[in-house]
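Written out below as structure tokens is the structure these notes cover.
No lab work stands behind these numbers, since they all come straight from the coordinates. Predicted, not measured: the structure shown is a model, and the values here were computed from it. Note: ideal-geometry Cβ built from the backbone for every residue, glycine included; neighbour counts use all protein chains shown.
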Amino acid sequence: MTNQATRRFFLGAVTAAAASRVWGANDRVSVAIVGLGGRGSSHLNIYSKMSDVRVVGLCDVNQAALEKAQATLLRNTGNKAKEFTDMREAFADPSVDVVSIATPNHWHALAAIWAMQAGKDVYGEKPACYNIHEGQRMIQVARETKRVMQVGSQHRSTPFKMKAMDAMHSGLIGDIYLAKGLCFKRRASIGHADDSPTPPGVNWDLFLGPAPMRPFNRLRFIYNWHWFWDTGNGDIGNQGVHEIGLCRWGLGDPDMPQTAFAQGGKYAYIDDQETPNTLNCAFEFNESGKRKMLEFEVRHWMSNHEATVGDASYKGNAPATPRRGSDSIGNIFYGPKGYVTMDSYSSYQSWLGKEQTPGPRNDKGGDHFANFIDAVKSRKREDLHAEIEEGAASTVLVHLANISYRVGRTINFDSATMTCTGDAEANKLLTRVYRKPFVVPVKV
């Protein structure tokens, strides 16, 4: 980043943070999207079709992604946006009101912190943060800057899931004692690849950012960065954080678990992936003497459906017919009066009593981005369906599971200090060694 850009960034931080804009109902919010891969492309398509939003900035370290996004924006709106390679220049731009972050995981926290310090409201993709330390700093900055930050936990804005939670919390199946999340998602082997020269148009230094400097490798770049510890958190931090968040929601959003355990590994194929493709996790909560359990499971290859999760063919009390090749992604909630299943994409269903009689069901979707824009205008963070504090709390479980897997033992967690009790090796994994100048400090 040039000295001129640095000056613009800090000037933007002062002027934007000092402003206290009052939004009218018909005002259009100006958005810059940072990260224009698969998920960032979804952000672009959603925002560019919202009547109260203007996409004014596009940012990516990959020139090809920028060009593709610009073409999409032109096709959707007839307009083009400013282009940025370095996100800090987008944050310094006074025409930008909101930043929507769809970078790889290792950039989520620093991008959000810089944006909020520059006076921008933030929509940040899940998982909220790459490690537990980062989540705490994001909450701190959001409170100090009074910025609105939504985490991309879309399930919190999905009407059928909201109705399911209302029904369960009103006693549909009694006091829920166990919530289970499933991520049975078929993923092919990523294979092997040698390091190679950085492709033209890619700023590899900015892509790596807080992560260690390594030679370019195509498997560490587009999408497959999820499966390397430098930049991703495995499928538990990719798809799985959604289901873990739903488990917490069903249990009443309890405080941190007292214990966390995860066991698994890589099975079925040998390749360059570092994160496990099979993982079984268990967390125990104890609030005011009331014990509750949360379980989560990742499978990357062939799998059966479970309790109709992933099986859209189930109707009423008729037998379910397995769908060949389909994923099973969703949740199961257990109470003394019955159980509820929730498919990630389509519906919730319930079975009540000893006879497991079919109970209430519902199957409609919702709009998480509109909820965010409404909260930007209202300036009420309590209007958000997945505010940063909730998003960070769900992500803590992801990180505790990965820590347990990596050190090979149960983690005892102290929510007062946000540390692993008596475990120096585990506590090292609460944060990372940051590559300067891309540092999330102990205190922001």
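Please report the net charge: other residues with Cβ closer than 12 Å to the Cβ of Met165, K and R +1, D and E -1.
For residues surrounding Met165, the net value is +2.
Along the charge dipole of the chain, which of Gly366, Pro104, Phe261 sits closest to the positive end, that is, farthest toward it, with unit charges on the beta carbon of Lys, Arg, Asp and Glu (+1, +1, -1, -1)?
The one lying farthest along the dipole's positive direction is Gly366.
Treat the count of other C-beta atoms within 10 Å as a stand-in for reagent exposure and order Arg291, Arg147 from fewest to most.
So the residues, fewest neighbours to most, are Arg291, Arg147.
Evaluate the distance, in nm, between pseudo-label points positioned 7 Å from the Cα of Glu306 and of Thr421 along their respective Cα→Cβ axes.
The two pseudo-label positions are separated by 2.8 nm.
Quick check on the exposure proxy: order Thr341, Thr77, Thr357 from fewest to most C-beta atoms within 10 angstrom.
By the 10 Å Cβ count, ascending, the order reads Thr357, Thr77, Thr341.
Which length gain, in nm to one decimal place, applies between Ile46 and Lys428 when the Cα-Cα distance is subtracted from 0.36 nm times their residue separation?
133.6 nm
Using 7 Å Cα-to-Cβ label points, what is the Thr410/Asp205 separation (nm, one decimal)?
4.8
Dividing the convex hull volume of the alpha carbon atoms of the chain by its residue count, what do you get in Å³ per residue?
Normalising the Cα hull of the chain by residue number yields 152 Å³.
Scaled to the compact-protein estimate 2.2 N^0.38 Å, what is the alpha-carbon radius of gyration of region 189-309, rounded to two decimal places?
Its radius of gyration relative to the 2.2 N^0.38 Å reference: 1.32.
Of Gly171, Phe184, Thr198, whose Cα points farthest to the positive end of the dipole of region 158-198 (charges on the beta-carbon: +1 Lys, Arg; -1 Asp, Glu; origin at the Cα centre)?
Positive-most Cα among the choices belongs to Gly171.
What order do you get for Lys161, Lys120, Lys443 when you list them from fewest to most C-beta neighbours inside 10 Å?
Ranked by crowding around the Cβ, least crowded first: Lys443, Lys161, Lys120.
Taking a threshold of 20 Å on the Cα-Cα distance, which of the pairs Lys180/Lys337; Lys49/Lys82; Lys82/Lys146 fall above it?
From Lys180/Lys337; Lys49/Lys82; Lys82/Lys146, over 20 Å: Lys82/Lys146.
Over what distance in Å are the Cα centres of region 112-127 and region 251-280 separated?
What the calculation gives is 28 Å, centre to centre.
Measure off 7 Å from each Cα along the Cα-to-Cβ vector at Ala370 and Asp166, then give the distance between these two points in nanometres to one decimal.
Going by the 7 Å Cα→Cβ label model, 1.6 nm.
Near Thr419, within a Cβ-to-Cβ distance under 14 Å, what is the net charge of the other residues, with Lys and Arg +1 and Asp and Glu -1?
Every neighbour counted, the sum reads -2.
Could you tell me the largest-minus-smallest coordinate of the C-alpha atoms of region 323-444 on each of the three principal axes, in descending order and whole angstroms?
55, 45, 35
Under a 10 Å cutoff between Cα atoms, tell me which one of Lys337, Lys146, Lys126 has the largest fluctuation in the Gaussian network model of the chain.
Checking each option, the largest mean-square fluctuation is seen for Lys337.
Less than 13 Å from a label point 7 Å out along the Cα-to-Cβ axis of Gln356: which backbone N atoms in region 272-310 qualify, by residue?
Inside the label zone: 306-309.
How much of the DSSP beta bridge set in the chain is antiparallel, as a percent to the nearest 5?
If we restrict to bridges inside the chain, about 60 percent are antiparallel.
Calculate how large, on average over all directions, the projected area of the Cα convex hull of region 344-407 is; give the answer in nm² to one decimal.
Approximately 7.6 nm², given one-decimal rounding.
About the Cα centre of the chain, how large is the charge dipole given +1 on each Lys and Arg Cβ and -1 on each Asp and Glu Cβ? Please answer in debye to the nearest 20.
Result for the chain is approximately 540 debye, rounded to the nearest 20.
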